[in-house]
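These notes concern the structure reproduced below.
The values are calculated or read from the model by the stated rules, or taken from the named source; none is laboratory data. Keep in mind that what you see is a predicted model, and the values were worked out from it rather than measured. Cβ placement follows ideal geometry from the backbone for every residue including glycine, while neighbour counts extend to all protein chains displayed. For the accessible areas, the whole protein counts, side chains as well, though only heavy atoms, and no ligand, DNA or RNA atoms are used. Shrake-Rupley method; radii C 1.70, N 1.55, O 1.52, S 1.80 Å.
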Amino acid sequence: KNYHSFSSVLVGGGLIVFYFTVAFAFHQYHLFSQPVAFVIMIIITIFAVILSILYDRIELGILATVGGFITRFLVSNGDGNYIALFTYLAILNTGLIVLAYNKRWRILNFLAFVFTQILFLAWIFSRAGLPGFSYSGTFLFGVLFYLLFIAMNIIHHVTRGSRLMAFDFIILLSVNLFFYGAGIYLLKGSGYSGWLGLFTASLGIINLALAYLFFRQTRVDQNFVYLLIGITVSFISLAAPVQLSGHYITLFWATEMVVLIWLYQKSGIRIIKVASLLIFISMIISLIMDWSLVYLIRSNLIPVIFNKGFITGFCCALATWIAYKLCRKEPTGFYLPGITNQLIRNFYFVVTICLFFISGSLE
């Protein structure tokens, strides 16, 4: 006990010697088979995790994490078995969740995420297109890794009541973005391009369910809930251009704008109100693009009134009018610093009149 820190350094050195001794015994001297070497290194990793908890030293936790991730390569023979590789990574990350529950070592979450993403993406880009590569199998493992890292963040911010820091913001956002990018690539490769919108919306629904689950819990940092809501709005909004095309995107965003304003008035979460304004701007830009395609670029004749241009413009005007009516229910105050609710109401009202007028004029 008098040499707690010094003895933990010796333990770290001993663990490193263990890892490389087993690696040399397997590769250089062939003293035992690959499964035996693999099992020995798993035991060493478990031992390192236990010691890091007993010593309460983050250095040992980092060493156990790094050692656990390099184990698969120290005893690899290049067979390219993705099921064995990803199953081991899933088991290792599950162990780190247990460690995250006992300690508040955020750096372990970061290391686990970085190593897992490097290995997962390296496997995809090095093997994709080669005979035997399974797009669907790799995608399912990606789903598993996504859920594990989401669980890691929940443990820190819900069971521990930790405050959301910039570091945690980056991790949670990166988990969603990296998995989304890999998932889009794998779904396209497996021939399921028609499911991209559903996949995008599903990620939004997962984050929305988590936000709803923790919204009323007082010990949970509300910034964590707001971050989940922000990710939800982003994915739901992105689902439209991914799955739909043309004026359907505009109609989707018009509907989403109204729904977000209604949700804000029910929940009181300020970020939803700001998101509705951003979606409104996206709707206007998309509507102008639709009008250009219908009235300027196309040379063929189209029926009056019963065409995509007029119907889309009319629906957007109607959605803006509903937004104006909803905003009238809000008390006098500030929408954003320096911008009053009255100004936003007037803005929606003027845009409603302009959209109705332009939609008719273009006919």
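Answer rounded, prolate or oblate for segment 106-215, using the Cα gyration tensor with square roots of eigenvalues a ≥ b ≥ c: rounded when a/c is under 1.5, else prolate when a/b is larger than b/c, else oblate. Here segment 106-215 falls in the oblate category. The HN-Hα couplings worked out from phi for segment 13-30 by the Karplus form 6.51 cos²θ - 1.76 cosθ + 1.60 (θ = phi - 60°) are x, x, 5, 4, 4, 4, 4, 6, 5, 5, 5, 5, 4, 7, 7, 7, 10, 6 Hz, whole numbers, x standing for Gly and Pro. Put simply, the convex hull of the Cα atoms in segment 226-358 casts, on average, a shadow of 8.6 nm². At a Förster radius of 25 Å, what calculated FRET efficiency corresponds to the Cβ-Cβ distance of residue 170 and residue 56, to the nearest 0.05? Between residue 170 and residue 56 the formula returns 0.45.
Using a cutoff of 8 angstrom between alpha carbon atoms and counting only pairs six or more residues apart, the relative contact order for the chain works out to 9 percent. Taking trypsin sites (Lys or Arg not before Pro) as exposed when DSSP calls them loop and at most 16 other C-beta atoms lie within 10 angstrom, the chain has its longest site-free stretch at 2-102.
Looking at segment 1-80, the chymotrypsin sites (Phe, Trp or Tyr not before Pro) that sit in a DSSP loop and have at most 10 other Cβ atoms within 10 Å of their own Cβ are 3, 29. Based on protein heavy atoms only, segment 204-363 ends up with 55 Å² per residue of surface accessible to a 1.4 Å probe.
Compared with the direct C-alpha span, the chain from residue 20 to residue 121 gains 33.8 nm at full extension, assuming 0.36 nm per residue. Against the chain, whose longest principal axis comes from its Cα atoms, helix 270-291 is set at around 60 degrees.
Surface listing: 330, 363 arranged by accessible area from highest to lowest gives 363, 330, probe 1.4 Å.
Relative to the dominant Cα principal axis of the chain, helix 106-127 is inclined by about 80°. Compactness of the chain, taken as the C-alpha radius of gyration over 2.2 N^0.38 Å, stands at 1.29. Surface composition of the chain: carbon plus sulfur atoms hold 72% of the accessible area, using a 1.4 angstrom probe and ignoring ligands, DNA and RNA.
Rolling a 1.4 Å probe over the heavy atoms of the protein chains gives segment 1-95 an accessible area of 54 Å² per residue. Couplings 3J(HN,Hα) for segment 86-97, derived from phi with the Karplus relation 6.51 cos²θ - 1.76 cosθ + 1.60 (θ = phi - 60°), are 6, 5, 4, 4, 5, 5, 4, 5, 5, x, 5, 5 Hz, where x marks Gly and Pro.
Computed from Cα atoms, the angle from the helix 222-243 axis to the main principal axis of the chain rounds to 70 degrees. The amide H of residue 335, built 1.01 Å from its N in the peptide plane, has 340, 341 as neighbours under 5 Å, considering only residues 5 or more places off or on other chains.
The charge dipole of segment 22-145, taken about its Cα centre with unit charges on the Cβ of Lys, Arg, Asp and Glu (plus for the first two, minus for the last two), comes to roughly 220 debye.
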